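First comes the structure, then the notes that go with it.
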Amino acid sequence: MLRFLAFRIARAALTIAMVVTFAFVVLRMSGDPAQIIMGADAPPEAVEAFRIAWGLDRPLWEQYFRYFGAILSGDLGRSMRDGRDAIVLVAERIPATLALTVPALLIKVGIGVPAGIYAALHRNSLADRVVMVVAVAGFTVPSFVLGLILVLVFAVQLGWLPSGGQESWRHAILPIITLGVGGAAVLARFTRSAMLEVLGQPFIRTASAKGVPWRMVVTNHALPNAAIPTVTIIGFMVGSLIAGAVVVESVFSWPGVGRLLVVAVSNRDLAVVQCILLLVACTMVCANLMVDLLYGLLDPRLRSAPRQATA
């Protein structure tokens, strides 16, 4: 188990290093932040002074090693717009984002998993067809389209809910529904497929032939074996709690990390963008690490994977 854990942690660290490198290279190739921040009418001397002040005049390889070393020491840089620490700017927005994404995750799991299980246990019934039609519709409609539809119906036509902002809990209802519907549809489809695959296995037929009650067959045999693909999707959703709200926060003018990312990208505020991407990468990697550990608990055979890989 220790080797299994060490292998997963080493892979997670390598993934974060690759994300840091990718973010650095792509952001430096996307344009000159000095020219964008200073403006097209700024004197060349002022633009050059800005580059020198922020270290943009140094060779790219030197900027990279300084950036990587700063991350290892806990310094994620300062905003080029107002000079504040990037981590402080991001941390201020995290509670607003979690206020949307955590309830949305509960909706995804609370609706998607039971709906998928029910559809699988009633395969080819009217309920199964209804669940799948709703799931396909929820999966195919983009979040920004769904958000605009909800605004048009519930904010503009009916006037029941506000269309944007963060003044009260009522402002969070539409973005939470927008985030939750698509994820619930995905979970319903994957859970149904996983359950159907397990229900068709020989050991399920053997347990039923031995006279085991169907409820116990489903609870003790089908659900645990169908949990692995479902846990994978849930782990991805947990990892995307911050990144998944970018579009929805923009649609509903919600002052979270996703909206901050959009503004920082448009302003070429490198430190803020890099900080958010690093936060998203760490969240995804930690979620995947937890999923790997759950794999080892759900299926002990997977614990021997690192040993077999090194043999």
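The single condition among (1) in contact with a Lys or Arg (Cβ under 9 Å, 6 or more places away or on another chain); (2) closer than 25 Å to Val291 by Cα that Asn225 does not satisfy is (1). Condition check for Phe22 on (1) without any contact (Cβ under 8 Å) to a residue 24 or more places away in the chain; (2) open to solvent by less than 50 Å² (accessible area, probe 1.4 Å); (3) closer than 30 Å to Cys286 by Cα; (4) among the hydrophobic types (A, V, I, L, M, F, W, C): one failure, at (2). Take Arg66 and decide whether it is modelled with pLDDT under 80, among the basic types (Lys, Arg) and surrounded by 11 or more Cβ atoms within 10 Å (Cβ to Cβ). No, not satisfied.
Within segment 269-283, residues that are more than 23 Å from Gly39 (Cβ to Cβ) and part of a helix (DSSP H, G or I) sit with their Cβ atoms under 8 Å from residues that are open to solvent by less than 10 Å² (accessible area, probe 1.4 Å) and at pLDDT 85 or above, at 6+ positions apart or across chains, in these pairs: Cys275/Ala86; Cys275/Val90; Ile276/Val90; Ile276/Val257; Ile276/Ala264; Leu279/Val90; Leu279/Val257. Please tell me if Arg51 is free of Cβ contacts under 8 Å to residues at least 60 places away in the same chain, open to solvent by 50 Å² or more (accessible area, probe 1.4 Å) and under 23 Å from Met18 (Cβ atoms). No, not satisfied. For segment 143-163, taking the residues that are open to solvent by 30 Å² or more (accessible area, probe 1.4 Å) and either touching a residue at least 60 places away in the same chain (Cβ under 8 Å) or small (Gly, Ala, Ser) (or both), the one that is farthest from Lys108 (Cα to Cα) is identified as Gly159.
Among the residues making up segment 17-62, those that are more than 32 Å from the chain's Cα centre (by Cα) and acidic (Asp, Glu) are Asp41, Glu45, Glu48, Asp57.
Which residue, of Arg28, Arg78, is open to solvent by 40 Å² or more (accessible area, probe 1.4 Å), basic (Lys, Arg) and touching a Leu at 6+ places or on another chain (Cβ under 7 Å)? Show your work before the answer.
Numbers: Arg78 fails: touching a Leu at 6+ places or on another chain (Cβ under 7 Å).
It is Arg28.
Would segment 249-267 turn up any residue that is open to solvent by 60 Å² or more (accessible area, probe 1.4 Å), under 14 Å from the mean Cα position of the chain (by Cα) and of a type in the set (A, V, I, L, M, F, W, C)? There is no residue in segment 249-267 that is open to solvent by 60 Å² or more (accessible area, probe 1.4 Å), under 14 Å from the mean Cα position of the chain (by Cα) and of a type in the set (A, V, I, L, M, F, W, C). Within segment 179-226, how many residues turn out to be open to solvent by less than 60 Å² (accessible area, probe 1.4 Å) and in contact with a Phe, Trp or Tyr (Cβ under 8 Å, 6 or more places away or on another chain)? Total meeting the criteria: 4. Applying the criterion of at least 2 residues that are hydroxyl-bearing (Ser, Thr, Tyr) and touching a helix residue (DSSP H, G or I) at 6+ places or on another chain (Cβ under 9 Å) to the helices (runs of 4 or more DSSP H) found wholly in segment 177-265 leaves 223-239.
The values are calculated or read from the model by the stated rules, or taken from the named source; none is laboratory data. Because the structure is a prediction, the values reported are computed rather than measured. With ideal geometry, Cβ positions are generated from the backbone for all residues, glycine too; neighbour counts draw on all protein chains shown. Note: accessible area is taken over every heavy atom of the protein model, side chains too, but ligands, DNA and RNA are not part of it. Shrake-Rupley method; radii C 1.70, N 1.55, O 1.52, S 1.80 Å.
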